[in-house]
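> This structure is in structure tokens; I'll ask about it shortly.
Laboratory data are not the source of any read-out in this text; all were calculated from the coordinates shown. The model shown is predicted, which means the values in this text are computed figures rather than measured ones. So basically every Cβ, Gly included, is an ideal-geometry build from the backbone, and we count neighbours across all protein chains shown.
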Amino acid sequence: MNAASHGLLTTEELCAEVAANLPAGRTVLQPVEVGRTSPFSFARFYGMDNSRAIQLGFRFGHVRDWLPKAVAETLGKDI
């Protein structure tokens, strides 16, 4: 059974959220050949469908609701 937060983030949005919590943080993205720099660099979308879990009564928050706090906590900041 899949379990995931609701909502999707692009790579750019995820990087921007991390950068927003760094001093003088900014996002610098560079296009590269697929698979060249990361095992997570691929041309296909591998989104998760948690509809079965929801049907069984599980609840999931939205990624945009918890991500800022998770990034800040990981970096040792209070929000």
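> Restricting the search to the stretch 51-79, which residues are surrounded by 11 or more Cβ atoms within 10 Å (Cβ to Cβ), within 18 Å of residue 4 (Cβ to Cβ) and aliphatic (A, V, I, L, M)?
Within the stretch 51-79, 53, 54, 63, 67, 70, 71 meet the criteria.
> Filter the stretch 8-19 down to the residues that are out of contact with any Leu (no Cβ under 9 Å at 6 or more places or on another chain) and touching a residue at least 24 places away in the same chain (Cβ under 8 Å) and list them by number.
8
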